[in-house]
Each structure stands twice: as C-alpha cells, then as structure tokens.
1. I need the helices of the chain that pass two filters: whole DSSP H segments spanning 27 Å or more by Cα along the axis, and mean Kyte-Doolittle score no lower than 0.5.
2. Name the GluC sites (Glu not before Pro) in the stretch 44-147 that are in a loop by DSSP and that have at most 14 other C-beta atoms within 10 Å, would you?
3. How large is log10 I(q)/I(0) at q = 0.11, 0.17 Å⁻¹ when the Debye formula is applied to the Cα atoms of the stretch 130-285, each weighted equally and without solvent?
4. If amide H atoms are built 1.01 Å from N in the plane of the peptide, which residues on other chains or at least 5 residues away come under 5 Å of the amide H of TRP433?
5. Report the chymotrypsin sites (Phe, Trp or Tyr not before Pro) located in the stretch 52-139 that are in a DSSP loop and have at most 15 other Cβ atoms inside 10 Å of their Cβ, or state none.
6. Just from the alpha-carbon atoms, what are the Rg and Dmax of the chain in angstroms?
7. Give the shape of the stretch 359-459 as rounded, prolate or oblate, defined through the alpha-carbon gyration tensor: a ≥ b ≥ c are the square roots of its eigenvalues, a/c under 1.5 means rounded, and otherwise the shape is prolate if a/b is larger than b/c and oblate if not.
8. Assuming a ≥ b ≥ c are the square roots of the Cα gyration tensor eigenvalues, decide whether the stretch 191-280 counts as rounded (a/c under 1.5), prolate (otherwise, with a/b larger than b/c) or oblate.
Amino acid sequence: MSAWSELAGMDATAQADLVRRGEVTAVELVEAAVAAVEKLNPTLNAVVTPTFERALDAARAGVGGPFAGVPYLVKDLIVEIEGVRFTEGSVFLRDNVSTFDSDLVVRLRRAGLVLLGKTSTPEFGMAPTCEAILFGPTRNPWDTGRSTSGSSGGSAAAVASGMVPMAHGNDLGGSLRYPASACGVFGLKPTRARNPLGPEYGDAIGGWAAEHALTRSVRDSAALLDATSGPSPGDPYAAAGSGPFLPEVGRHPGRLRIAFTDRTPEGVPGHPDCVAAVHDAAALCAELGHDLVEADLPGLTPAVGAAIGTVFGAATAWIVAYWIRKLGREPGPDELDPLTRAYWDMGRGVSAADYLLAIEDCQAFSRVVARFLGGYDLWLTPTLSSPPLELGQIVSTPDEPLRALEKGGPTVAYAGVVANITGNPAMSVPLFWNDAGLPIGVHFLGRFGDEATLFRLAAQLEAARPWHRRHPPVTAAG
C-alpha cells in the first residue's frame, strides 16, 4: 500500500498508524509523497524549495513520535530549517540560507514528521495571495486559474491536493484561515503564544503572529498542537490554558451559544456565496442543537482600523530593517515587491509613539471583544468575503504599488485580523462549496485560551458533513 493515490485520501493520523502497524515504512511514505509533489507541483507551484534527499535520509535513519514517518512541508516564512534556503518570498533573500532550526522545527521533528521542503508565500506574507515575484503564482487545486489566498497558500494547496496530509502555516492577520477557506481545508489559528516563535523572535509584532498548520482533519490539527505547543525557555509569556487537545475531538461540545453575522464591519454583506455559506453553517449548527443569535461584533471602528494600518506599516519597516541588519545591505531597486516598498515607505514614517498608541488602541478593542464573547461561546462569520479571485488580480505594479491592497482587501473584509489583535483562537471550517465548485470556508472566533471548544465543535461539524470526501480536480488521491 505504498501508492500515494491510496494514501493521499488519509489524514496524518491514519498514515502514522500504518507505519506503527508495519503496513508501510516511513521511507515508503516519503517516497510516495515526493512522487506526488513531483507530479503536481509543476501545475500548482506550491513547493518552492524541495529537500527530498534530506527527507529520505531522515526517514531511513528512523523516526518516532505520534506522526512517525509522515511527510510534512514548512512554509517559507518566519520558520527556519538549518541548511535550507529561506527567502520569505523575497528577491532580496533569494540567496539566503538558514543557519539554525526554529524551535517549532525541532518539535515537528520530535513528533516524527519528515520535512520535505518549503512552501510558497507572498513577500513577507503581506498579501492575501501567493504570487511572489521570486517564485511566481501558486495555483488553487480547485481552479488553477485562481488564487489560493494567503499567506499560507502554498501549504494550503499542498494539503488540498494531497501532496501531504498537513503542512505548516502561520498567521499574522488571517494567513492560516484565509487559504484554508480558499483551498477547502481545516485551518486553526491557536491562542497567542500557544506555539513558540523562538529562538529568533519573542512575540512578533505585539503577539499578533501565531504558528500552526493546515490539515485535512480536525484530529490532526489537535494532535499536532499537542506535539508542538508550550513555551520555550526565555519566551516572554505562555498561552492561557493548555492541552491536551486531541481528547477534545469527539467530546460533545454541549449546547453552545453562537453569535453570527453575514455583514462585514462596514455593515454590508460579503459576496452572495459567502453569505450563503455562513447561513448554511448557522443552520447546521442549529440542527446540531446549538443556539444561534444574529449579532455584529462591536468596537471595530475606523480608529481601530487606522491603528491596524499603523501596526502593519511599522511591521513592514521592522521586517525590512531586520533583514538589512542580517544581510548587511539595503535592498536594491528591484529586490522588493512594489507593495512591500510602499508599506516600507509608510512604515518608516511611523514613530515609536505612533506605534505604541496603535497597540494601545488595539488592546482596548481586545477588551471590547472579550466582553462581547462573555455572552457567547463563539462568533461565526464567513472566512473570506469573496470566492478566490483570478490570479493576477491581487498583484501590485510599480505604477500601482497599492493595487494588491486595493484588490485583496475586499476579499478579507470579515477582519480575520481580530483574532490576531486579541490573541484569541479561531478556525476556518470547510463546509460549503459554491456552484462553480470552489470551497467557501466559515470562520469561528473563540474565547481567549479556549481551543477546546473550537476542536469540539469542529469535530462535530466534520462528522455531520465530512469534507475529506471531497477532492479538487488537481489531486494525488485516487
């Protein structure tokens, strides 16, 4: 049973179980995954730096842990693998090679995962699509003319197409959840500081950044979080609450009180397909015995929106300054995407006081959200505000440097960044496909530290409407 067409329909837990029972070896799993990547990647362009020989060497050497032998891909952003090219999607970093393993990579290996390479991302993760100048566009396996969204779109495409059963992603403003929606997979953003950012970072950008994965199954997401979560020595703080999370999968969530809306913070509905998806999800939750209350999230005012813009501008200035210090030189005129350069120019005009005032505004908003969720267990919206756009739409040019923002912003109008500002856990669940066959995810925002409720509900939804039976046109699955 070594053909990947048979294995690709399985989640990571099932594949690891085959290895434990001796029905396949770790080497066979890796060889089959490599064959799938080699077959599909010329179409999808999801894997930008393969490390196949290293992966096979690791599998031959023997692996242990809950995911022993399971092939895995790492997003080419923030997380580093010693001796492997690390570009963050930027021409500026095209020749950069990592000199250390990130703490998360150490934990992934300890869990038994075999790392096959790095997946695509927009430059520094700054756009909701994977169309970096350095590597070109990553294509959605449900429609290869469309975007995967971003910034973890390479990993989402790899999981959706069956190259691997799960893959790493990270999330500074929705970057795990948006591509999960666009590619029809499960995407959980954990509570702030649940997974480590070390040794290079403490709490990147005020704690907005979070590490985890895109998965086909809920149980894989929970089991992986059990394997990787917890603070590293010297971390500035630890996440509230703790696991284990896998026992929550299959545990009855009880009767939840779920607020929902189809309106964006501007008070208008998103695309009709996204509206249909959220009403479908609300009806399903009601059928499962939960209480649904239509309610808008308070507090996301224009002032908070301006603070978010200030933080992102300052973040871009920090990122570029970080790499200038690392590389010992400034980027050349053609080494940054026009969008990055525009953000960098804006960010350099943000004073330290401006940044700290923006952080205070966002923290005040977090308290508003916490009070709102005092009356509800979860808040439900569409994940994206439109189906995946055609490739080439969310792309900046020297003449229109903010074009990616202007075109991409309306696709993420439901403000997934709320979970980053507050640090709350959130998830995108693939319950709905439109008439064109494109997945449309729905988004649940949970209470701070409460991944347990999300995992319980997600498993209940997965059992009621098992999305793993669906495969896109571009797939390794038989």
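Just so you know, all these numbers are worked out from the coordinates, no wet-lab data involved. Please read these numbers as outputs of a predicted model, since none were measured by experiment. Cβ atoms come from the backbone with ideal geometry, glycine included; neighbour counts cover every protein chain shown.
1. Details: long enough: 302-327 (38 Å, 1.14); 352-373 (31 Å, 0.74).
Result, helices passing both filters: 302-327, 352-373.
2. GLU82
3. -0.52, -1.19
4. Counting only residues 5 or more places away or on other chains, the set is ILE440.
5. Working: sites: PHE52, PHE67, TYR72, PHE86, PHE92, PHE100, PHE124, PHE135; in loops: PHE67, PHE86, PHE100, PHE135.
Counting only loop positions with at most 15 other Cβ atoms within 10 Å, the chymotrypsin sites (Phe, Trp or Tyr not before Pro) in the stretch 52-139 are PHE100.
6. 20.5, 60
7. Values: a/c = 3.20, a/b = 1.36, b/c = 2.35.
In terms of gyration-tensor shape, oblate.
8. Taking the square roots of the gyration eigenvalues as a ≥ b ≥ c, the stretch 191-280 is oblate.
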